[in-house]
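Q: Would you mind keeping the following structure in view while I ask a few things?
The values are calculated or read from the model by the stated rules, or taken from the named source; none is laboratory data. If you're wondering where the values come from, they're calculated on a predicted model, not measured in any experiment. Please note: Cβ atoms are built from the backbone with ideal geometry, for glycine as well, and neighbour counts cover all protein chains shown. Remember, those area values only see protein heavy atoms, side chains included, never the ligands or the DNA or RNA. Shrake-Rupley method; radii C 1.70, N 1.55, O 1.52, S 1.80 Å.
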Amino acid sequence: MLKKVLVIGSGGREHALAWKASLSSDVSAVFVAPGNAGTALEKKTTNVPLQPSDFEGLLNFALDEQIDLVIVGPEDVLVNGIVDQFREAGVPCFGPTKKAARLEGSKEFSKDFMTRHKIPTAQFQSFSDLEKAIDYLKHQDYPLVIKADGLAAGKGVVICRDMRQAGQCIEEMLSGEVFDGAGEKIVIEEFLQGEEASFICMVNEQDFLVMASSQDHKAAYNGDAGPNTGGMGAYSPAPVIDPQMHEAVIEQVIKPTINGLVEDGISYTGFLYAGLMIQDGIPNVLEFNCRMGDPESQVIMMRLKSDLVTLCMAALTGRLGETEAEWFPQDALGVVMASQGYPGDYAKGRRIDGLETVFDNNTKVFHAGTRLVHGEVTASGGRVLCITALGKNIVEAQKEAYKAASSISWQGGWHRDDIGHRAVYRFQASE
Ligand code: AMP
Ligand code: GLY
């Protein structure tokens, strides 16, 4: 019997997951709640006007439609327990439960977890008392990193260059006035140098399947400068994850994490994303996410040759350990196009031109903040598109992605010009 899949979310990550699921010959229909213009226009894919926070509506939809597999994109609904509700109702859902999602939902929990299970990470202390935190600041080296304990939509991490800035930052966070109270508890941690990479696995209890490595660019502007964003582009593989580092990450991070979860009585099913800072051969964990990355999903799904739905079903039926994933050998690179003003307040509702351009199979335009208005695709979010291309090496992938990006435009739409620069530099240096 052909399967029906429901993807929850509306970003570029969800477009990539839904697109990949729709390519499965085992799948008759993919629903995306609520989706975006990209998922609305995809063959075999239908948007459902339900918000991710509407657990009851989504569950009723899944039961009515007899959905065979739910894939949850965003972290907040995972942290709020959407998977627990689907599981209770007997709907197969690929994602961690509320308890397991605390690995992302609470920085203090995840740092304590890493300490307990000897997973390499920055030195830290957590605080909820302002005076104690201020006192601690006096004895630290700078820069210093301050993190809100709870979810803060990627904005809860501040790198402070001196004590004055750190003091201001913790005062704001601990007042509970910013981030909806997510900062009423904070983690203060040592600043780590090195090169970042995203190491994502599919996990089911003690079994795991490693996805292709990737790296995103969080800073808004060229040269990795400017404010943090949700991610302005990504590429896969991340050259810093060479075969030796791959082994080191498995042995020092992934296995201790999986064993630690089992030891702590936490059953984990879903994507597990380790954000790493690699220095001197040590993969330090900056954060765990309980979901796929965005825009990492876009480049990883482009490179995944295997059937995503088969992999998720293998995880949900206890067969992940005997399952392997196949990858296209090419590099993938994705360039995010954003609205004028992003990551601050941005303009909305502008028509996007050039989307009708026909690209070859090695290029794909993933949508994020887009909406169909009277049949026209308009920019409705901060990050709007992720133009993703495969190439025989990173230089070719970069060239193809930017070539495609140059045929798409809207008033005020912009992108960084240097996505992949570290990988390109490494590649050119090795030529
Ligand atoms: P996180 O949400 O914890 O991944 O933090 C967001 C970004 O802040 C990371 O991708 C890093 O670029 C940076 N960051 C976080 N923690 C540290 C750290 N301890 N040292 C240096 N940079 C960090
Ligand atoms: N690209 C970073 C994230 O998904 O958290």
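Q: What residue, among those in the stretch 206-227 that are within 10 Å of ligand 2 (Cβ to nearest atom) and either at pLDDT below 95 or assigned to a loop (DSSP other than H, G, I, E, B) (or both), is farthest from Ala397 (Cα to Cα)?
A: Among those residues, the one meeting the criterion is Lys218.
Q: How many residues, within the stretch 234-271, are under 30 Å from Glu400 (Cβ atoms) and part of a loop (DSSP other than H, G, I, E, B)?
A: So the answer is 6.
Q: Can you find even one residue in the stretch 194-201 that is within 11 Å of ligand 1 (Cβ to nearest atom), within 30 Å of Leu390 (Cβ to Cβ) and of a type in the set (A, V, I, L, M)?
A: Among the residues of the stretch 194-201, at least one is within 11 Å of ligand 1 (Cβ to nearest atom), within 30 Å of Leu390 (Cβ to Cβ) and of a type in the set (A, V, I, L, M), which makes the answer yes.
Q: Look at Thr370 and say whether it is closer than 15 Å to Gly233 by Cα, among the hydroxyl-bearing types (Ser, Thr, Tyr) and modelled with pLDDT of 95 or more.
A: no
Q: Could I ask something else about it? Restricting to the stretch 279-295, what's the tally of residues that are more than 16 Å from Val187 (Cβ to Cβ) and more than 16 Å from ligand 2 (Cβ to nearest atom)?
A: 5
Q: Which of the residues spanning the stretch 68-92 are hydrophobic (A, V, I, L, M, F, W, C), closer than 14 Å to Val7 by Cβ and not in a helix (DSSP H, G or I)?
A: Leu69, Val70, Ile71, Val72, Val91
Q: Which one of Asp264, Asp294, Asp280, Asp242 is closer than 30 Å to Lys4 by Cα and of a type in the set (D, E, K, R)?
A: Checking each option against the conditions leaves just Asp294.
Q: Continuing with this model, one more query. Only one residue in Asp162, Asp224 is on the phi > 0 side of the Ramachandran plot and either within 16 Å of ligand 1 (Cβ to nearest atom) or of a type in the set (A, V, I, L, M) (or both), so which one is that?
A: Going through Asp162, Asp224 in turn, the sole match is Asp224.
Q: Further question: If you check Ile278, Ile254, which single one turns out to be more than 16 Å from ligand 1 (Cβ to nearest atom) and open to solvent by less than 40 Å² (accessible area, probe 1.4 Å)?
A: None of the other options fit; the residue is Ile254.
Q: To continue, here is another question. Return yes when Ser213 is of a type in the set (Ser, Thr, Tyr) and open to solvent by 30 Å² or more (accessible area, probe 1.4 Å) and no when it is not.
A: Judged against the criteria, Ser213 is not a match.
Q: Give the stretch 117-154 a look and list any residue that's within 25 Å of the chain's Cα centre (by Cα), within 23 Å of Lys98 (Cβ to Cβ), open to solvent by 60 Å² or more (accessible area, probe 1.4 Å) and more than 14 Å from ligand 1 (Cβ to nearest atom), or say none.
A: none
Q: Next up: Scan the stretch 410-431 for residues that are exposed (fewer than 14 other Cβ atoms within 10 Å of the Cβ) and over 15 Å from Tyr235 (Cα atoms) and jot them down.
A: Gln411, Gln428, Ala429, Ser430, Glu431
Q: So which residues in the stretch 45-67 are among the hydrophobic types (A, V, I, L, M, F, W, C), under 16 Å from Arg87 (Cα atoms) and part of a loop (DSSP other than H, G, I, E, B)?
A: Answer for the stretch 45-67, where residues must be among the hydrophobic types (A, V, I, L, M, F, W, C), under 16 Å from Arg87 (Cα atoms) and part of a loop (DSSP other than H, G, I, E, B): just Ile67.
Q: Select from the stretch 304-329 the residues that are under 30 Å from Val424 (Cα atoms), touching a residue at least 24 places away in the same chain (Cβ under 8 Å) and open to solvent by less than 50 Å² (accessible area, probe 1.4 Å) and list them in ascending order.
A: Result: Leu304, Asp307, Leu308, Ala325.
Q: Right, another one. Being polar (S, T, N, Q), in contact with a Leu (Cβ under 8 Å, 6 or more places away or on another chain), in contact (Cβ under 8 Å) with a residue 12 or more places away in the chain and not in a loop (DSSP other than H, G, I, E, B): is that true of Ser24 here?
A: No; evaluated as a whole, the condition is false for this residue.
Q: Moving on to the next point. Which is near ligand 1 (Cβ under 10 Å from one of its atoms) and either in a strand (DSSP E or B) or modelled with pLDDT under 90 (or both), of Glu189, Glu177?
A: Only one candidate qualifies: Glu189.
Q: Can you name the residue in the stretch 378-394 that is in contact with a helix residue (DSSP H, G or I) (Cβ under 6 Å, 6 or more places away or on another chain) and among the β-branched types (Val, Ile, Thr) and is also farthest from Thr357 (Cα to Cα) among such residues?
A: Filtering the stretch 378-394 for residues that are in contact with a helix residue (DSSP H, G or I) (Cβ under 6 Å, 6 or more places away or on another chain) and among the β-branched types (Val, Ile, Thr), the one farthest from Thr357 (Cα to Cα) comes out as Ile394.
Q: A further question follows. Can you tell me which residue among Val203, Val157, Val187 is more than 24 Å from Arg426 (Cβ to Cβ), surrounded by 17 or more Cβ atoms within 10 Å (Cβ to Cβ) and within 16 Å of ligand 2 (Cβ to nearest atom)?
A: Unique residue meeting the criteria: Val157.
Q: Output the residues belonging to the stretch 94-110 that are within 16 Å of ligand 1 (Cβ to nearest atom), assigned to a loop (DSSP other than H, G, I, E, B) and buried (at least 24 other Cβ atoms within 10 Å of the Cβ).
A: Hit for the stretch 94-110 is Ala101, nothing else.
Q: Which pairs have Cβ atoms under 6 Å, sit 6 or more apart or on different chains, and link a residue in the stretch 219-233 that is within 12 Å of His421 (Cβ to Cβ) to one that is assigned to a strand (DSSP E or B) and open to solvent by 40 Å² or more (accessible area, probe 1.4 Å)?
A: Ala219/Ala225; Ala219/Gly226
Q: Something else now. Condition (residue is within 11 Å of ligand 2 (Cβ to nearest atom) and under 18 Å from the mean Cα position of the chain (by Cα)) applied to the stretch 237-260: is it met by at least one residue?
A: For the stretch 237-260, residues within 11 Å of ligand 2 (Cβ to nearest atom) and under 18 Å from the mean Cα position of the chain (by Cα): absent.
Q: Is it fair to say Ile170 is among the aliphatic types (A, V, I, L, M) and open to solvent by 80 Å² or more (accessible area, probe 1.4 Å)?
A: Considered against the rule, which asks whether it is among the aliphatic types (A, V, I, L, M) and open to solvent by 80 Å² or more (accessible area, probe 1.4 Å), Ile170 comes out as no.
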